[in-house]
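One structure below.
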Amino acid sequence: MRSLLAPTAVIAEDELTLRQELIERLSQLWPELSIVGEAADGVQALRLLDEHRPDILFLDIQMPGATGLDVARQVAGRAHVVFVTAYDQYAVQAFDQGAVDYLLKPLQATRLFTAIGRVKQRLAQPPAELGDVLNQLATRQAGAPAGRGSFLRWINASVGQTLKLITVDEVLYFQSDSKYTKVATRDSEALIRKPLKELVEELDPQQFWQIHRSTLVNAGAVAGVTRDFRGRMQIKLKESADTLLVAESYTHLFKQM
């Protein structure tokens with residue numbers, strides 16, 4: 001470990017775009033911090049932890065290889081941990097009860113600024129033991145539906161040559177198109193490689209309704225339904241001129257509209 005005036009950190013986050021964003025924002029908000037390693041999975045994070053013995057570990061909870069929870073158990077008071085998570089506020093209660101901090105995806109500059117301030121205050125003290133927090137997180141991760149914490153909350157999508165982080169709340173609808181799935185928001189369209197079948201399993205079914213074999217719509221974006229001259233049901237959206245065809249097998253979703 002280095003001096004408190006020049007602390008070191010390892011970033012463990014499997015999403016390259018988010019990892020780069022976190023590093024860039026840390027360099028702006030905490031220029032004294034030295035990033036000594038980047039990990040894209042849990043196994044790599046453990047190796048970097050042993051190699052560099054950083055003061056701080058920014059740790060994604062859900063990673064391939066060894067999960068963030070597995071890595072955190074190995075930290076065992078060797079580093080201050082800031083969890084990076086897509087969990088909702090219900091699960092975040094576990095963090096608030098422990099001497100650790102967290103960042104919710106997508107990253108917000110104000111939340112990162114707060115986390116940095118708290119970590120700076122804790123650097124003069126030994127890193128917290130994480131047993132109670134990890135037990136609560138493991139329970140929430142394996143347990144039944146705790147709000148929207150178990151559902152997909154954000155995606156990386158291609159807009160031209162650029163990767164853009166989009167929260168699912170921004171999405172008006174998903175529509176499969178050949179090898180890709182189109183992601184339509186109020187302001188733009190983007191493409192992802194994730195098939196609609198996987199999205200159906202990962203998104204909150206109360207928020208996103210399948211209305212066609214190729215289309216998922218954000219229920220909150222629906223303005224109303226109409227019939228075309230052939231009698232087929234169509235959806236009008238609140239913030240888009242697009243209309244979406246509803247397959248006959250899904251018309252029951254709109255019987256009360």
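Applying the selection to region 202-212, what residues are assigned to a strand (DSSP E or B) and not β-branched (Val, Ile, Thr)?
The answer is PHE208, TRP209, GLN210, HIS212.
When you look at THR167, is it modelled with pLDDT of 80 or more, among the hydroxyl-bearing types (Ser, Thr, Tyr) and surrounded by fewer than 17 Cβ atoms within 10 Å (Cβ to Cβ), yes or no?
Yes, satisfied.
Out of curiosity, is ALA124 at pLDDT below 80 and of a type in the set (A, V, I, L, M, F, W, C)?
No; evaluated as a whole, the condition is false for this residue.
Got a sec? Which of ALA247, ALA241 is exposed (fewer than 13 other Cβ atoms within 10 Å of the Cβ), free of Cβ contacts under 8 Å to residues at least 40 places away in the same chain and more than 24 Å from LEU104 (Cα to Cα)?
Being exposed (fewer than 13 other Cβ atoms within 10 Å of the Cβ), free of Cβ contacts under 8 Å to residues at least 40 places away in the same chain and more than 24 Å from LEU104 (Cα to Cα) holds for just one of ALA247, ALA241, which is ALA241.
Mind checking which residues of region 5-51 are at pLDDT below 90, among the β-branched types (Val, Ile, Thr) and under 18 Å from the mean Cα position of the chain (by Cα)?
Matches in region 5-51: THR17 only.
Going through region 213-235 one residue at a time, which ones are under 18 Å from LYS182 (Cβ atoms), touching a Ser or Thr at 6+ places or on another chain (Cβ under 7 Å) and outside any loop (DSSP other than H, G, I, E, B)?
The answer is GLN234, ILE235.
Looking only at residues that are part of a loop (DSSP other than H, G, I, E, B) and within 20 Å of the chain's Cα centre (by Cα) in region 60-82, which one is surrounded by the fewest Cβ atoms within 10 Å (Cβ to Cβ)?
PRO64
So that you can scan it fast, the table gives a plain yes or no per residue for (1) within 18 Å of the chain's Cα centre (by Cα); (2) closer than 23 Å to LEU104 by Cβ:
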site: LYS164; (1), (2): yes, yes
site: THR167; (1), (2): yes, yes
site: TYR173; (1), (2): no, no
site: ARG186; (1), (2): no, yes
site: LEU203; (1), (2): yes, yes
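Taking LEU57 as the residue in question, decide whether it is within 21 Å of the chain's Cα centre (by Cα) and either assigned to a strand (DSSP E or B) or buried (at least 20 other Cβ atoms within 10 Å of the Cβ) (or both).
Yes: the conditions hold for LEU57.
The values are calculated or read from the model by the stated rules, or taken from the named source; none is laboratory data. Since the model is a prediction, treat every value here as computed from it, not as a measurement. Reconstructed Cβ throughout: ideal geometry from the backbone, glycine too, with neighbour counts over all protein chains shown.
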